[in-house]
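What follows is calculated from the coordinates using simple rules that are stated; it is not laboratory data. Remember, it's a predicted structure, so these values are computed and weren't measured experimentally. Glycine also receives a Cβ, built like all others from the backbone with ideal geometry; neighbour counts cover every protein chain displayed.
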Amino acid sequence: QAGQLTAQERLDASGNASRALPGKVIDVAAGEFYFQAPDTIQAGLITFQLRQMGLIRRRVMTGGVARDSGAAEHGDPTRGFHMLWIVRLDSGRTAADFHRAVQAREPHKWARNLGGPGFALPPRTTNATLVLKPGNYVLTCFVGAAREDRSRYHLLNGMFKALTVVPARSAPAATPKPDIVMRLTGDGALELSQQVTAGRRLIRVENGSAKAYEFQIRRVLPGRTTAEALAWQPRDNPTMTRPFDPWGGLSDVPAGESMLTTVTFEPGDYVVGSSMRAAFTVLPVRR
Ligand SMILES: [Cu+2]
């Protein structure tokens with residue numbers, strides 16, 4: 001589908017959009033099964049920008065394979081589907097300790113999941129903005145964690161990378177004020193601070209519930225309806241073409257916390273919410 005990209009998508013794909021993202025922008029590329037990212041960064045306001053570099057990107061760019069099955073390979077429907085979680089480690093713990101503990105199914109209270117950027121159909125990228133203190137971190141992908149077959153668990157397949165955050169040499173950038181606040185309430189409703197108009201918008205996603213929240217933005221495809229997008233389930237895949245494109249979002253917003261993400265909306269219909277909770281809200285975006 002490469003020929004159908006908008007000018008904005010080409011901008012996003014080329015990385016030029018990172019100039020408009022808050023704080024220091026850290027580019028993270030994800031594929032099977034690796035992250036490419038810096039080893040060391042300075043503390044402060046950081047935006048992680050996640051690019052898909054693996055099989056799903058190759059398939060979308062060549063356009064030859066059905067977009068719906070773009071992440072599937074070897075019978076694994078999420079093999080090429082990657083998100084980023086930033087995990088903060090207590091002092092003295094390493095990324096190798098973290099990997100070992102997960103592999104051995106040992107408790108690891110010394111590792112705290114901060115969330116991160118979610119998935120968008122490439123060449124679109126996703127991003128998450130947060131303030132990082134000096135310390136040891138791990139960049140990882142928890143896709144496949146819930147599956148019985150642990151060979152499908154991306155972290156255990158090597159998708160983790162140590163990140164050291166060192167004290168900053170200059171004053172940190174201030175956290176910018178969001179354009180829109182989307183708040184998940186304790187009863188699972190998503191409340192928006194205002195209507196969304198087309199353009200680049202900084203969204204603060206607040207999780208007022210007691211569980212981590214995967215936040216997804218899906219753009220309803222032209223000719224398809226929001227009702228179809230709301231009703232669609234992954235199991236519909238073989239019989240019903242996916243009625244939306246994954247447009248952006250966050251892998252996790254921890255319970256009781258919030259996270260910032262910058263999203264460029266084109267006019268059209270979107271649904272926002274979480275497939276983990278089977279709860280989506282219709283979001284019409286006008287000029
Ligand atoms: Cu992954």
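Pop out the ³J(HN,Hα) list for segment 89-96 in order, Karplus 6.51 cos²θ - 1.76 cosθ + 1.60 with θ = phi - 60°, rounded to Hz; leave Gly and Pro as x.
Values, residue by residue: 9, 5, 3, x, 9, 10, 4, 5 Hz.
Taking segment 39-137, which trypsin sites (Lys or Arg not before Pro) meet the DSSP loop condition and have no more than 12 other C-beta atoms within 10 Å?
Values: sites: Arg51, Arg57, Arg58, Arg59, Arg67, Arg79, Arg88, Arg93, Arg100, Arg105, Lys109, Arg112, Arg124; in loops: Arg79, Arg93, Arg105, Lys109, Arg124.
The qualifying sites are Arg105, Lys109.
Per residue of segment 108-114, what does 6.51 cos²θ - 1.76 cosθ + 1.60 with θ = phi - 60° give for ³J(HN,Hα)? Whole Hz please, x for Gly and Pro, Karplus curve as stated.
With the stated coefficients, segment 108-114 comes to 9, 5, 7, 10, 10, 7, 9 Hz.
Using Cα pairs closer than 8 Å and at least 6 residues apart in sequence, work out the relative contact order for segment 180-286, in percent. Display every interim value, and only then the final one.
On the way: 233 pairs, mean separation 37.3, N = 107.
Over segment 180-286, the number comes to 35 percent.
Using a basic spin-label model with each label point 7 Å from the Cα along Cα→Cβ, how many nm lie between His74 and Ala173?
In this crude spin-label approximation the distance works out to 3.9 nm.
With the crude spin-label approximation of a point 7 Å out along Cα→Cβ, what separation in nm comes out for Ser151 versus Arg105?
Each label point lies 7 Å from its Cα, and together they span 1.8 nm.
Length gain on complete extension for the stretch Ala96 to Arg277, per 0.36 nm per residue less the alpha carbon to alpha carbon distance?
Numbers: separation 181, 0.36 × 181 = 65.16 nm, distance 3.17 nm.
62.0 nm is the gain from fully extending Ala96 to Arg277.
Please list, in order along segment 206-216, the HN-Hα scalar couplings obtained from phi with the Karplus expression 6.51 cos²θ - 1.76 cosθ + 1.60 (θ = phi - 60°), rounded to whole Hz, x for Gly and Pro.
Karplus-based 3J(HN,Hα) across segment 206-216 equals 9, 9, x, 9, 8, 10, 4, 10, 7, 10, 10 Hz.
Normalising by the residue count of the chain, find the relative contact order in percent from Cα pairs under 8 Å and 6+ residues apart. Working shown, then result.
Working: 682 pairs, mean separation 55.1, N = 287.
After rounding, I find 19 percent.
Return the lysines within reach of Lys109: Cα separation strictly under 30 angstrom, same-chain partners fewer than 8 residues apart disregarded; answer none if there are no such residues.
The reachable lysines, counting only those whose Cα sits under 30 Å from Lys109, are Lys24, Lys133, Lys161, Lys211.
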